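Okay, structure first, notes after.
Where a number appears in this text, it was derived from the coordinates with a stated rule and is not lab data. Here the structure is a predicted model, which means the values were calculated and not measured. We place every Cβ from the backbone using ideal geometry, glycine too, and count neighbours over all the protein chains shown.
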């Protein structure tokens, strides 16, 4: 029986050895396909640290592969299976269902993740594997774990939340090693933690992690007041750990390029920014729960405010917020934050249960940029001018749910020993909290 499996095999570790051994046990001859840098990039794999030749040598040195080949393009698996007379295609169970189409050509086996690999086996200083724990088991946490598999050098060790049943279900679903009984237990098992708990608990859990010497990736908004953001940043500096706010848009390549084009002068001087983010939300959900700091501002404002600060900077002259809160409701369902800068104006609009065109329009003295909905997942934008023959279209990748970009940046900062990234500066996180705090406390509320 001939077996084939595929992978990047970057920072080769015991988990890779276990997977290859289990694949080899399925037959008599194991073919291992190692992905090229270009193909990894095309499929959204980030932070691959070793060269193709080094990764091939990793596999060869394991002594488990009877033959090593290279995977270079989408669709190659179908051709490889036929070319090499493969009987079994084996792949990790985190890809469950994705390769069922290959059942027309051979048997498809999803190998369950090997649990119980010790931290020492998995992480060593040469390999630089980052053990990451997840605090909170809500919707965003599920997406986070799914996205982390696309970032080389990151291993999700386990999870914790206040609901033990949710933790067990979460860990079982994602085949993680640890269902922590306490936040402290999670911290003990990890090098870093992703905080995805309710908004008002972010500061407490982030501080606990920082004081334990752990790096922190904190879901937005990192804090609901500027003072708390400053406090967290001071604690992280004192502990010499990375603290990063998880606003995926800030780290995505399309958004970064769009900001660069806008600030380059290609549309002249920027005079206006209009950014909107709305979604339809009903029922008994966290977003509408005042006890969990629900409302459109707390839930969504980080995104349009990010566009404003990146395009116009931190030094506005005036800000005013208007919020709609219908009778019988306890949170704002629609809000508009208006800014006046010395030479520009901006508007950031948010809505829950209110739907509007979620686009971003940046007006300049020579032309304007138009980023269609959903602009916060920037894949495409246009530069438009008075003379339409001068118009330009820009296309960029936005893979998956986009969380892989923030995970990759977080991991890279830790590896490089850097505490700040230009993609979202510390002062910009302070600015976001400052404006959000003002908007929530000083809004003109009607309804």
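Quick notes on this one:
- Angle between the chain longest axis and helix 164-174 axis [Cα atoms, degrees, rounded to 10]: 60 degrees
- Between helix 253-263 and the chain there is an angle of about 40 degrees, using the helix long axis and the longest principal axis of the Cα atoms.
- Neighbour-count ranking [beta-carbon atoms within 10 angstrom, fewest first] of 249, 421: 421, 249
- Binning all Cα-Cα separations of segment 248-319 at 10 Å, short to long from zero, yields these whole-percent fractions: 16, 40, 28, 14, 3.
- Ranking of 329, 137 by count of other Cβ atoms within 10 Å, fewest first: 329, 137
- Ranking of 316, 205 by neighbouring Cβ atoms within 10 Å, starting from the fewest: 316, 205.
- Considering only Cα atoms, the convex hull volume of segment 2-111 works out to 93 Å³ per residue.
- Degrees separating the helix 202-211 axis from the principal Cα axis of the chain, which is the longest one: 50 degrees
- Computed lengthening from residue 105 to residue 366, 0.36 nm per intervening residue step minus Cα-Cα distance: 88.3 nm
- Here the spin labels are modelled as points 7 Å beyond Cα on the Cα-Cβ line, and at residue 380 and residue 330 they lie 4.2 nm apart.
- Rg and Dmax, both from the Cα atoms of segment 316-434 and both in Å, are 18.0, 52.
- Taking the DSSP beta bridges with both ends in segment 290-445, the antiparallel portion is around 95 percent.
- FRET efficiency for the residue 162 to residue 446 pair, using the beta carbon distance and R₀ = 35 Å, is estimated at 0.45.
- Normalised by the number of residues in the chain, the mean separation of alpha-carbon contacts (under 8 Å, six or more apart) gives a relative contact order of 14 percent.
- The antiparallel fraction among DSSP beta bridges confined to the chain stands at about 40%.
- For segment 119-246, projected area of the alpha-carbon convex hull averaged over all directions, nm²: 7.3 nm²
- Take each peptide in 93-102, 146-155, count the other Cβ atoms within 10 Å of every residue, and average; sorted highest first, the result is 146-155, 93-102.
- Label-point separation, residue 438 to residue 73 (7 Å along Cα→Cβ), nm: 5.5 nm
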